[in-house]
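Take a look at the structure set out below.
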Amino acid sequence: MREDDYLLKTPHDYKKFPARTANYIEVLGNGGLYSLNWDEIVLYREKFKISGRIGASVMPNERILEQSYVIENNYIFGSNPHHFEIGPGLTLQRKYNAVCSDTSMYPKYKMESVWFGMFRLGYRFQQQEDGFFFRFGLTPIFYRKYDCATDIPPSNWFWLGLAIGMSY
């Protein structure tokens, strides 16, 4: 008998097939207070990578659950496992807002879709092998707020996002 007869499967070659997928939770990022995320590297080079991310979050607001959905595209620079990442994104929030045309003492509310543009500038720790995933970044969000009385000029929020998860 040969030694390799006892192997159940061949070992994973991370040089040929590196870990490209990450699942993580992000706190205070562009998904709001928190978001659950899936990130996939679609282009993998030694010092340059491109990834896509989708995420979701649910937050209670009185008796209603408001949702946030995140789509992001990142350009990742640097050698494994330390990376610099930049990229644009879009956040959709389903919010429970007052109806502007209702002037009664107890206004009516309805669900509305609110879109935010964002940009990420941050640090990413992702090994070529399966394992621990970490990212930290500045995620400014750009939005235009509409009020019942006036149209408020465009503004932004500077969020700091922190994410921890696993890559495989």
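Quick rundown of the values:
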{"read-out": "In range of the label at Leu90: residues from segment 25-47 whose backbone nitrogen is under 16 Å from the point 7 Å along Cα→Cβ", "value": "31"}
{"read-out": "Neighbour-count order for Glu85, Glu40, fewest beta carbons within 10 angstrom listed first", "value": "Glu40, Glu85"}
{"read-out": "Gain upon complete extension [Tyr44, Tyr69; 0.36 nm per residue less C-alpha separation]", "value": "6.4 nm"}
{"read-out": "Pairwise FRET efficiency - Phe158 versus Phe132, Cβ, R0 = 41 Å, nearest 0.05", "value": "0.90"}
{"read-out": "Calculated FRET value between Ile25 and Tyr106, using beta carbons and R₀ = 45 Å, to 0.05", "value": "0.75"}
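Laboratory data are not the source of any read-out in this text; all were calculated from the coordinates shown. Here the structure is a predicted model, which means the values were calculated and not measured. Using ideal geometry, Cβ is built from the backbone for each residue, glycine included, and neighbour counts are taken over all protein chains shown.
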